[in-house]
1. Does T376 meet the test of being under 17 Å from P255 (Cα atoms) and part of a loop (DSSP other than H, G, I, E, B)?
2. Check A49 against each of (1) in contact (Cβ under 8 Å) with a residue 40 or more places away in the chain; (2) out of contact with any helix residue (DSSP H, G or I) (no Cβ under 7 Å at 6 or more places or on another chain); (3) not basic (K, R) and name the one condition it does not meet.
3. Could you grab the pairs with beta carbons closer than 7 Å, sequence gap of 6+ or different chains, first residue in segment 363-377 and without any contact (Cβ under 8 Å) to a residue 40 or more places away in the chain, second one part of a strand (DSSP E or B) and not acidic (D, E)?
4. State all residues of segment 311-340 that are touching a Lys or Arg at 6+ places or on another chain (Cβ under 9 Å), closer than 18 Å to A49 by Cα and surrounded by fewer than 20 Cβ atoms within 10 Å (Cβ to Cβ); if no residue qualifies, say none.
5. Can you list the strands (runs of 3 or more DSSP E) found entirely within segment 398-448 that contain at least 2 residues being open to solvent by less than 60 Å² (accessible area, probe 1.4 Å)?
6. Among helices (runs of 4 or more DSSP H) lying entirely in segment 45-116, which contain 2 or more residues that are open to solvent by 50 Å² or more (accessible area, probe 1.4 Å)?
7. If you go through segment 215-258 one residue at a time, how many are among the aromatic types (F, W, Y) and either within 15 Å of R178 (Cα to Cα) or in contact with a Cys (Cβ under 6 Å, 6 or more places away or on another chain) (or both)?
Amino acid sequence: MANSSRAPGRSRRLRAALVVSAAVGLLATAGAVVLPGSASAASTLGASAAERGRYFGTAVAVSRLNDSAYTTILNREFNQVTAENEMKIDALQPNQGQFNYGNADRLVQHARSQGMLVRGHTLAWHSQQPGWMQNMSGTTLRNAMLNHVTQVATHFRGQIEWWDVVNEAFQDGSSGARRDSNLQRTGNDWIEAAFRAARQADPNADLCYNDYNIDNWNDAKTQAVYRMVQDFKSRGVPIDCVGLQSHFTGGSNYPSNYRTTLSSFAALGVDVHITELDIRNAPTDAYRNVVNDCLAVARCKGITVWGIRDSDSWRSSENPLLFNGSGQKKPAYDAVLAALNNGTAPPTGNPTTPPPGAGCTATVTPGQVWGDRYNTSVTVSGASTWSVVVAITAPQKISSTWSGNPTWDSSGNVMTMRSNGSGNTFGFTTMMNGNSSARPQIRSCTAG
């Protein structure tokens with residue numbers, strides 16, 4: 001990584017912060033949930049995520065910190081926060097050269113007092129610009145943008161874990177082109193310039209690019225962002241992470257190749273974050289799948305839902321969050337917590353190469369999808385003989401397999417596939433049986 005200007009030991013501080021937040025979350029709860037076949041499990045989202053080296057966060061509006069029901073859930077459940085609007089350009093610099101940090105400072109202070117990590121959102125964006133910036137162009141706008149990045153990142157230096165340096169710079173559709181914004185018209189290098197300014201101002205924060213509709217690996221927009229990150233890494237532009245907003249319209253909008261997207265970005269040497277998750281009508285399967293996909297990718301650092309209660313959501317009529325308007329947990333909450341508690345901590349070192357005798361790694365590649373069924377292939381690395389445990393969500397059923405020897409548990413929904421000498425890739429076909437959103441999950445890979 002071309003981050004020689006960064007102070008050492010930052011990842012150790014992140015791990016320490018997650019351990020502290022896990023302890024805070026566990027102490028704040030009245031006991032723990034016991035799951036079948038497991039030891040005592042964490043009973044809040046943040047505590048469970050922290051036990052797995054990750055965060056589970058939420059977007060916060062400072063105006064709601066006066067709502068005791070809101071802050072009770074916030075302080076109990078989450079170990080990371082993102083300012084919903086208080087760190088956007090129009091909020092922090094309403095008049096040129098006049099910075100207003102009051103609400104943002106209050107949010108950061110509340111989060112840090114609760115042991116929560118903070119995501120800065122966002123330093124450079126074509127939207128929510130104050131009027132004075134909207135009226136600028138060319139070199140004048142470029143300099144004003146860089147000054148904003150520098151001033152804001154410097155003000156919060158040491159308090160922010162991740163910065164969304166640039167937000168939503170690519171357009172939707174099949175072109176894969178940059179969005180035609182006033183910032184883009186200052187020159188195609190404006191994103192790179194913003195990242196370099198942010199690194200200079202806050203060298204210990206991770207710097208992220210954040211966007212929506214980059215969830216499906218096959219989409220032109222996803223591929224365009226991938227190529228930009230690939231280019232930045234090859235040229236030493238300081239970028240540490242990619243944020244997927246994942247504003248899904250329902251279970252059918254959750255792409256079957258979502259995990260491929262996460263792992264493909266991670267393979268470039270950047271972390272991945274799910275930064276603004278909300279799903280229309282909060283289907284349990286889609287929420288569970290998102291969590292499982294993040295847990296399956298070692299460099300997926302965590303998940304942020306965009307709001308706490310449905311009534312707090314920008315999509316409130318769609319009921320897309322984990323708590324209803326009264327603050328009660330919804331079935332999607334239970335699905336998320338169970339998925340977190342069933343997950344494992346990411347490996348240290350190179351996540352794709354386990355040490356000798358430690359086991360193996362199984363990587364899922366989504367295959368052909370038909371109206372009533374879909375294919376999946378799994379590639380095993382780290383061992384020449386192996387057994388992989390795959391779980392299917394009922395009422396889905398595996399109808400056929402290839403290149404391995406399968407056995408089944410009594411439910412018929414958990415398959416153990418063993419190597420049969422035909423290579424390190426096996427596959428299977430799954431019948432949807434009315435459930436089109438769930439996808440197979442790898443539970444374990446064992447060498448030998």
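The values are calculated or read from the model by the stated rules, or taken from the named source; none is laboratory data. Quick caveat, the model's predicted, so the values are computed rather than measured. All Cβ positions, even for glycine, are placed from backbone atoms using ideal geometry, and neighbour counts span all protein chains on display. Quick note on the areas: whole protein, heavy atoms, side chains included, nothing else; ligands and nucleic acids left out. Shrake-Rupley method; radii C 1.70, N 1.55, O 1.52, S 1.80 Å.
1. Working: under 17 Å from P255 (Cα atoms): yes; part of a loop (DSSP other than H, G, I, E, B): no.
Here the answer is no, as T376 does not meet what is asked.
2. (2)
3. Q368/Y374; Q368/N375
4. Once the filter is applied, which keeps residues that are touching a Lys or Arg at 6+ places or on another chain (Cβ under 9 Å), closer than 18 Å to A49 by Cα and surrounded by fewer than 20 Cβ atoms within 10 Å (Cβ to Cβ), segment 311-340 yields only A338.
5. Because the criterion is at least 2 residues that are open to solvent by less than 60 Å² (accessible area, probe 1.4 Å), the strands (runs of 3 or more DSSP E) in segment 398-448 that meet it are 414-418, 425-431, 441-447.
6. 68-77, 102-113
7. As a first pass, look at segment 215-258 and keep what is among the aromatic types (F, W, Y): 217, 226, 232, 248, 254, 258.
Still in the running and either within 15 Å of R178 (Cα to Cα) or in contact with a Cys (Cβ under 6 Å, 6 or more places away or on another chain) (or both): 226.
Qualifying residue count for the region: 1.
Residue-wise test of (1) in contact with a Pro (Cβ under 7 Å, 6 or more places away or on another chain); (2) part of a strand (DSSP E or B); (3) more than 16 Å from E77 (Cβ to Cβ); (4) without any contact (Cβ under 8 Å) to a residue 24 or more places away in the chain.
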{"residue": "V237", "(1), (2), (3), (4)": "no, no, yes, no"}
{"residue": "G243", "(1), (2), (3), (4)": "no, yes, yes, no"}
{"residue": "V272", "(1), (2), (3), (4)": "no, yes, yes, no"}
{"residue": "T275", "(1), (2), (3), (4)": "no, yes, yes, no"}
{"residue": "D278", "(1), (2), (3), (4)": "yes, yes, no, no"}
{"residue": "R288", "(1), (2), (3), (4)": "no, no, yes, no"}
{"residue": "P320", "(1), (2), (3), (4)": "no, no, yes, no"}
